[in-house]
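A.B. asks: Would you mind keeping the following structure in view while I ask a few things?
The values are calculated or read from the model by the stated rules, or taken from the named source; none is laboratory data. Owing to the predicted nature of the structure, the values given are computational and were not obtained by experimental measurement. Cβ sites come from the backbone with ideal geometry, for glycine too, and all protein chains shown count toward neighbours.
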């Protein structure tokens, strides 16, 4: 081990059925450093962390900790805690109904009796020493999320952790709260704690971190000193620039050339939902493919959810084909021929136990109303039609959708919305977690649909996919629309510099 | 796929029970035609008894299946609700008199009013579940306690008595028809629900909501409304059951009518192989499950088990069923099965 | 931050203490209301002690119920267990030649057995507690009639002696019409009930295991992450609840001195209602046995008010209980929703 290293992960492998989540990943953490772990969705960050904390068992590789002769054995979160590895998750894993002090001490130590006075005094001491503005006797749920996160950190500190993992702790904090958290992190750094910091906010990485390790597609891209890696390069490392041989599918595709090609199919003004995005304007023409881009958590999904009425719309007006409409619920959008393929396929997309056929007809059935059900024959016909059209690999239309592979599930959801014959189709991460072949099929399909006059909004974490399919990109950062790119401007570099913000001069 | 396999569970239980009876007493299966006390030709025999007295349960199983599917919980107030609906019916038929031979209103009017009342109580449960997001079993616990008291209160705690031949038809026999009327009503209900399932999207909607509320919402459904509807339909089933129950005795006993029927109705759904946590369901299997339970009850009676001791035996059956269908147990069993025959490869 | 904390005292009260405060206030308001509007009856201390005497078993059952509810579960078998215990003890004493101590052991054994089996099914096989304990309730009710069919009064002398033992409460008596001083009294069961409440309260508040109940009920996943054995905690809650049902069964038996299949009818419901009225949240993690104690008192005070208002018929009791329950469920959800809003 290196001299200052307190944690070394070597050659970690982990795979799940059908996915190689981690391949030969190395990671080193030194004492007193804040080390950012970066990567887009599916890059393997959370898998790596879960291996380290014992949630997952690794398939291969070794983990060394300072002070241990042999490789560490970590099989459960308790093992990890005992070895001095503590984790603070994005979602608070404390009990909101207990007091602050209890949350710091419960589940630890021996003895039968609960000595409140002693516990509160000890807790107050730690809270004071870390400058956390909470009282030991306060109920946890009466603290803000930021304080709760700090309490979790205080617990970790008191357990004398050597490695502290902060997994997207800042995503629900405002600026002041983030500043407080950073103050605490700097304090811990001085005490020699090594901190692994996972976040998708670039500004924060450059403010607090010493080193960056970038992962992509389950592989290690590299470890960098913060000063050696300008923002734009970081973004490019995260997204990966290599374009595969399908990069020119766009040139094959025909453009929609109807007379009405210049008409805005959908317009939104000052649209805002309760999901925390800033108000935005948006429009899309007939037969156009555009996209929302930005890093994960930049608000791109929230924008399209606002368009579809999936989140509560609190502000703004929308027009469909020039006519003002009101979209309060998804059904309003559907009636206006808008379709939405959600980002989280498992939670929001599939209806797991239902058959492929029922999943395909669901949305159209809802549109037709409760008294005009598809007959068995009719449902089978359309299901078979779309299974063939999209080449969905399933034993039969009767198979429950949950037993299909991710890519095929996604195609079923796509079939569901195509069957409803929308003229504006929103696809949020349609290619996430599916195999390359299906990814390309979906991109081609998008272009084909557009050439037939459908307007499509396409969101993907992979910029090259967006470049291939979209003719216009709306760029987002920190829940705000920060730019719009089209034509000549649509290059990897330009996108990255806009995402990164302020680092344009470094791009060229 | 699993949906179709499901019906084998109650079917197997039925066959086991039938075989058991066949061995113990072959006359169990004898059906005879004879005169009943009113002097009509009617069918009789243990099997007819099962079909007759299983009717109420089969009808309730329909509604309970829908509620289970949509809300992922069960309504334990159905017995109490039957008492309310029955009481309402008698209040309309008898007015304020203790005993009538001339009905004060046509039976259909009384039935319709009972339907409305039962559906309102169903809606009360539904609103607590769908809009206040209280767990179904807790929400229906309210009516479970209050129901029989409300029923008594409706008739001012009198037990009205009807001595009218025509009113006994619904729970007995219609002159000239040898088949028990409750069974005919139950079949009618099954036909109605089959038609509803065919000509509306109720099945698809309830299952979607029960399986994945988020997805359903994004597909334009309103999960709360669907849940509410399932409770209202169960209310309708309750009213039909109340008609049969009241007609059987031409009177009512608030603390006895439809006692423990909620337990049997839930058991019917579980026996039908439907997940009690909601989602996919098989209506036919639930109904068959209801008759299996009646079969079990009739068999236990035949072996001189007293009616108030029955719950103990049924509870054992329920526990066995839920233990065997618990995911953890299933996993352990399949692991065990794998260990036992390592040579055989598992076919997916 | 400073203005945030000082802005709302209400916010800083823990959920448990907030709901407990509401319950106690409601009880006193109700009792004082009863004294004002229905007069002398409620002024007599014995009226209050009679509630205790009649409801000692319910108080014990409600303690167990609250424990299970705090961990996020429910147990509706308790009423059936109470009936089974009192019938078994009655049969044991009168027909099987048991003595009092054997009867007590029998009562505890039955309760413990229910707790163990149900707890195992819920905690380790992860079956919904409602289904498990519903079956438990039917099993207990069925077994009661299997043990003995008909209700009967126990003739065993030592039991009758114990049953009629009255513990006088000093200074609380009153002078009757003839001019004699009638001392106020409580029964042995009340002492047991108060002990159970006290012990449970102390255990929940001042032992580590007690706090685990709250943690598991508050957020099971978090509790596991914090190093708590959630399954064992749930198991324990059911065992204690079963054991308390056994104790309550004996106390009930001691109060009525008979065995009957219809004993303790609907007691599970009253226990749940009392716990909810006492500020135990159905969702788990919030609650207090002191609250449940006051819940039982509130529930039965209102029942007494209803019956002394001339609505003596039995059905009013059911409707009143359900109405109280409904009211408190709504109050709970409104109070907690407002509190949550205040926090945001």
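A.B. asks: If the requirement is being surrounded by 20 or more Cβ atoms within 10 Å (Cβ to Cβ), touching a helix residue (DSSP H, G or I) at 6+ places or on another chain (Cβ under 7 Å) and within 18 Å of residue B:56 (Cα to Cα), which of these qualifies: B:315, B:290?
C.D. replies: Step by step, each of B:315, B:290 is checked, and only B:290 is surrounded by 20 or more Cβ atoms within 10 Å (Cβ to Cβ), touching a helix residue (DSSP H, G or I) at 6+ places or on another chain (Cβ under 7 Å) and within 18 Å of residue B:56 (Cα to Cα).
A.B. asks: Ok, one more. Test residue B:156 against the stated conditions and say whether it is within 14 Å of chain C (Cβ to nearest Cβ) and surrounded by fewer than 21 Cβ atoms within 10 Å (Cβ to Cβ).
C.D. replies: The answer is yes for residue B:156.
A.B. asks: Can I ask one more? For the list (1) within 14 Å of the chain's Cα centre (by Cα); (2) more than 14 Å from chain A (Cβ to nearest Cβ), I need the number of the one condition that residue B:233 fails.
C.D. replies: Tallying (1) within 14 Å of the chain's Cα centre (by Cα); (2) more than 14 Å from chain A (Cβ to nearest Cβ), residue B:233 fails exactly one: (2).
A.B. asks: May I pose another question? Among B:90, B:143, which is the only one that is within 11 Å of chain C (Cβ to nearest Cβ), crowded, with 21+ Cβ neighbours inside 10 Å and at pLDDT 90 or above?
C.D. replies: Selected residue: B:143, the only one of B:90, B:143 that is within 11 Å of chain C (Cβ to nearest Cβ), crowded, with 21+ Cβ neighbours inside 10 Å and at pLDDT 90 or above.
A.B. asks: Given the criteria within 14 Å of chain A (Cβ to nearest Cβ), modelled with pLDDT under 95 and within 30 Å of residue B:107 (Cβ to Cβ), does residue B:218 qualify? Show your work before the answer.
C.D. replies: Values: within 14 Å of chain A (Cβ to nearest Cβ): yes; modelled with pLDDT under 95: yes; within 30 Å of residue B:107 (Cβ to Cβ): no.
Answer is no for this residue.
A.B. asks: Check residue B:105 against each of (1) under 19 Å from residue B:86 (Cα atoms); (2) touching a residue at least 60 places away in the same chain (Cβ under 8 Å) and name the one condition it does not meet.
C.D. replies: Here residue B:105 clears every test but (2).
A.B. asks: Follow-up question, since we're still on this one. Scan the stretch B:161-176 for residues that are closer than 18 Å to residue B:95 by Cα and not in a helix (DSSP H, G or I) and jot them down.
C.D. replies: Across the stretch B:161-176, the qualifying residues are B:161, B:162, B:163, B:164.
A.B. asks: Filter the stretch C:197-207 for residues that are crowded, with 19+ Cβ neighbours inside 10 Å and more than 14 Å from chain A (Cβ to nearest Cβ) and give the result.
C.D. replies: Hits for the stretch C:197-207 are C:197, C:200.
A.B. asks: When you look at residue C:120, is it assigned to a helix (DSSP H, G or I), surrounded by 21 or more Cβ atoms within 10 Å (Cβ to Cβ) and within 14 Å of chain B (Cβ to nearest Cβ), yes or no?
C.D. replies: no
A.B. asks: Answer yes if at least one residue in the stretch A:353-368 is more than 13 Å from chain B (Cβ to nearest Cβ) and crowded, with 22+ Cβ neighbours inside 10 Å, and no otherwise.
C.D. replies: no
A.B. asks: Does at least one position in the stretch C:291-314 carry a residue that is over 16 Å from the mean Cα position of the chain (by Cα), without any contact (Cβ under 8 Å) to a residue 60 or more places away in the chain and within 8 Å of another protein chain (Cβ to nearest Cβ)?
C.D. replies: yes
A.B. asks: Still on this structure, I have one more. How many residues does the stretch A:77-98 contain that are more than 15 Å from residue A:158 (Cβ to Cβ) and at the interface with chain C (Cβ under 7 Å from one of its Cβ atoms)?
C.D. replies: Residues meeting the conditions: 7.
A.B. asks: What single numbered condition from (1) outside the structural domain of residue A:484 (by TED's automatic domain parsing); (2) under 22 Å from residue A:442 (Cβ atoms); (3) in contact with a strand residue (DSSP E or B) (Cβ under 9 Å, 6 or more places away or on another chain) fails to hold for residue A:353?
C.D. replies: Among (1) outside the structural domain of residue A:484 (by TED's automatic domain parsing); (2) under 22 Å from residue A:442 (Cβ atoms); (3) in contact with a strand residue (DSSP E or B) (Cβ under 9 Å, 6 or more places away or on another chain), residue A:353 violates only (2).
A.B. asks: State all residues of the stretch A:438-453 that are more than 25 Å from residue A:404 (Cα to Cα) and touching a strand residue (DSSP E or B) at 6+ places or on another chain (Cβ under 6 Å); if no residue qualifies, say none.
C.D. replies: A:450
A.B. asks: Right, another one. Just a yes or no: is a residue in the stretch A:412-432 surrounded by 19 or more Cβ atoms within 10 Å (Cβ to Cβ), farther than 30 Å from residue A:319 by Cβ, at pLDDT below 90 and out of contact with any strand residue (DSSP E or B) (no Cβ under 7 Å at 6 or more places or on another chain)?
C.D. replies: Yes, some residue in the stretch A:412-432 is surrounded by 19 or more Cβ atoms within 10 Å (Cβ to Cβ), farther than 30 Å from residue A:319 by Cβ, at pLDDT below 90 and out of contact with any strand residue (DSSP E or B) (no Cβ under 7 Å at 6 or more places or on another chain).
A.B. asks: Is it the case that residue B:269 is within 12 Å of chain C (Cβ to nearest Cβ), within 19 Å of the chain's Cα centre (by Cα) and either closer than 17 Å to residue B:7 by Cβ or at pLDDT 90 or above (or both)?
C.D. replies: yes
A.B. asks: May I ask you to list the residues in the stretch B:177-207 that are within 11 Å of chain A (Cβ to nearest Cβ), in contact with a helix residue (DSSP H, G or I) (Cβ under 9 Å, 6 or more places away or on another chain) and assigned to a loop (DSSP other than H, G, I, E, B)?
C.D. replies: Listed by number, the list holds a single entry, B:201.
A.B. asks: Follow-up question, since we're still on this one. Does the stretch C:14-22 include one or more residues that are without any contact (Cβ under 8 Å) to a residue 60 or more places away in the chain and in contact with a strand residue (DSSP E or B) (Cβ under 8 Å, 6 or more places away or on another chain)?
C.D. replies: Yes, the stretch C:14-22 contains a residue that is without any contact (Cβ under 8 Å) to a residue 60 or more places away in the chain and in contact with a strand residue (DSSP E or B) (Cβ under 8 Å, 6 or more places away or on another chain).
A.B. asks: For the stretch A:267-274, does any single residue satisfy the condition of being more than 14 Å from chain B (Cβ to nearest Cβ), at pLDDT below 90, surrounded by fewer than 18 Cβ atoms within 10 Å (Cβ to Cβ) and more than 22 Å from residue A:486 (Cβ to Cβ)?
C.D. replies: yes
A.B. asks: Kindly provide the set of residues from the stretch A:110-126 that are within 13 Å of chain C (Cβ to nearest Cβ), over 13 Å from residue C:209 (Cβ atoms) and out of contact with any helix residue (DSSP H, G or I) (no Cβ under 6 Å at 6 or more places or on another chain), ordered by number.
C.D. replies: Across the stretch A:110-126, the qualifying residues are A:115, A:116, A:117, A:118.
A.B. asks: Here's a follow-up. So which of A:388, A:347 ends up being within 24 Å of residue A:430 (Cβ to Cβ), within 8 Å of chain B (Cβ to nearest Cβ) and without any contact (Cβ under 8 Å) to a residue 12 or more places away in the chain?
C.D. replies: Every option except A:347 fails the conditions.
A.B. asks: Among the helices (runs of 4 or more DSSP H) lying completely within the stretch B:211-294, list those that include at least 2 residues that are in contact (Cβ under 8 Å) with a residue 24 or more places away in the chain.
C.D. replies: Correct list: B:223-249, B:261-271.
Each row is one residue, and each column tells you yes or no for (1) more than 22 Å from the chain's Cα centre (by Cα); (2) surrounded by 12 or more Cβ atoms within 10 Å (Cβ to Cβ); (3) in a helix (DSSP H, G or I).
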position	(1), (2), (3)
C:149	yes, yes, no
C:159	yes, yes, yes
C:170	yes, no, no
C:174	yes, yes, no
C:185	no, yes, no
C:195	no, yes, yes
